[in-house]
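The next block holds one structure in the form of structure tokens; read it before the comments.
The values are calculated or read from the model by the stated rules, or taken from the named source; none is laboratory data. None of the values given here were measured: they were computed from a predicted structure. Neighbour counts run over all protein chains shown; Cβ positions are idealised from the backbone, glycine included.
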């Protein structure tokens with residue numbers, strides 16, 4: 001084990017002496033390590049990427065507040081991420097080289113999936129995110145730090161898009177007029193959720209904001225929901241953002257950068273499975289939130305497609321690419337999803353209304 005990692009771990013309140021520490025998972029933002037001690041206790045050691053998350057103190061305060069509140073709602077330790085404090089009692093460690101580190105208890109006998117293998121898997125992932133929302137229903141969302149300002153402020157995303165379009169810094173606008181027209185034709189609809197929030201018709205809630213399926217821990221034996229992980233983007237928002245992003249990603253039949261758009265559509269069976277699980281686990285949603293659930297999925301797909309298109313016009317400076325036109329392909333898959341949702345709009349709304 002790297003000597004520096006040993007020195008870092010020695011600063012935390014671990015049970016026993018460290019006997020193993022090795023790289024764990026495939027996260028792109030933070031480096032993660034699995035740690036084992038001679039008392040058979042396991043932990044997760046993780047850096048916090050301070051280039052992306054620049055106010056580590058407030059970010060970690062968010063996590064500390066939310067996990068403490070969640071822990072009060074359950075007797076099962078596997079249903080909540082548990083921070084292990086430093087020996088000084090802090091939630092994280094500022095290391096001498098300018099890096100930042102934290103430790104969580106390892107969630108034992110659990111698995112996470114990169115993609116749902118069955119509608120039942122997707123249902124259980126929905127239960128995990130729904131329970132997260134339900135357990136935080138009484139938490140004052142406006143007291144949390146906004147980790148990424150305007151993250152789902154779709155009107156602001158359109159402002160940034162128009163600036164990129166006007167600048168056309170790499171001369172690509174003329175090649176993507178169809179995508180530009182599609183985006184602009186949906187601008188008013190894409191801003192509806194923000195308008196409803198501002199009008200008080202939708203409640204501000206604690207949201208996860210990265211509801212990928214691999215951020216859910218399932219019981220390894222029963223494949224039932226345990227908890228959600230990766231809480232760096234927990235902040236105030238709309239429940240519809242979390243619900244919408246999960247469905248957008250998990251119910252799509254194609255890869256996010258699929259070039260053959262005939263392979264991309266919204267799988268209604270997966271949509272229905274996730275919706276059932278989410279509503280079963282989160283009965284606290286208001287009637288207006290329930291009515292807007294299809295709009296939540298559509299809005300997130302529109303927003304993400306717009307972000308990919310913006311970055312393509314800007315020269316691929318935000319989203320990492322491995323091949324030419326990858327961001328354009330990503331944009332097109334999201335817009336194709338939107339088109340498919342529009343074709344299935346009545347079915348989506350009828351399903352939720354009849355639950």
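Scanning the stretch 177-220 for residues that are more than 30 Å from residue 111 (Cβ to Cβ), touching a strand residue (DSSP E or B) at 6+ places or on another chain (Cβ under 8 Å) and part of a helix (DSSP H, G or I) yields a count of 0. Number of residues in the stretch 34-80 that are touching a helix residue (DSSP H, G or I) at 6+ places or on another chain (Cβ under 7 Å) and either crowded, with 17+ Cβ neighbours inside 10 Å or without any contact (Cβ under 8 Å) to a residue 60 or more places away in the chain (or both) equals 7. Per the listing 57, 20, 38, the residue uniquely outside the structural domain of residue 236 (by TED's automatic domain parsing), more than 21 Å from residue 219 (Cα to Cα), touching a strand residue (DSSP E or B) at 6+ places or on another chain (Cβ under 6 Å) and modelled with pLDDT of 95 or more is 38.
Of 288, 317, all but one fail to be at pLDDT 95 or above and surrounded by fewer than 21 Cβ atoms within 10 Å (Cβ to Cβ); the exception is 288. Restricting attention to the stretch 127-147, the residues that are assigned to a loop (DSSP other than H, G, I, E, B) and either touching a helix residue (DSSP H, G or I) at 6+ places or on another chain (Cβ under 8 Å) or surrounded by fewer than 13 Cβ atoms within 10 Å (Cβ to Cβ) (or both) total 7.
Pull up the stretch 97-126, narrow it to residues that are in contact with a helix residue (DSSP H, G or I) (Cβ under 6 Å, 6 or more places away or on another chain) and assigned to a loop (DSSP other than H, G, I, E, B), then point me to the one that is nearest to residue 280 (Cα to Cα). Of everything passing the filter in the stretch 97-126, 116 is nearest to residue 280 (Cα to Cα). Would the stretch 292-314 turn up any residue that is modelled with pLDDT under 95 and over 29 Å from residue 225 (Cα atoms)? The answer is no; no qualifying residue exists.
For the stretch 236-269, a residue qualifies if it is under 28 Å from residue 106 (Cβ atoms) and either touching a strand residue (DSSP E or B) at 6+ places or on another chain (Cβ under 7 Å) or without any contact (Cβ under 8 Å) to a residue 40 or more places away in the chain (or both), and the qualifying residues are 242, 249. Here residue 320 does not qualify as in the same structural domain as residue 251 (by TED's automatic domain parsing), part of a helix (DSSP H, G or I) and farther than 16 Å from residue 259 by Cβ.
Being closer than 26 Å to residue 218 by Cα, in contact with a helix residue (DSSP H, G or I) (Cβ under 8 Å, 6 or more places away or on another chain) and at pLDDT 95 or above is the requirement here; does residue 282 meet it? Answer is yes for this residue. The residue list 165, 196 contains one member that is in contact with a helix residue (DSSP H, G or I) (Cβ under 9 Å, 6 or more places away or on another chain) and farther than 22 Å from residue 333 by Cα, which is 196. Restricting the stretch 210-228 to residues that are surrounded by 20 or more Cβ atoms within 10 Å (Cβ to Cβ) and touching a helix residue (DSSP H, G or I) at 6+ places or on another chain (Cβ under 7 Å), the residue that is modelled with the lowest pLDDT is 213.
Condition test on residue 312, is it surrounded by 21 or more Cβ atoms within 10 Å (Cβ to Cβ) and within 21 Å of residue 165 (Cα to Cα)? Taking the combined requirement at face value, the residue satisfies it.
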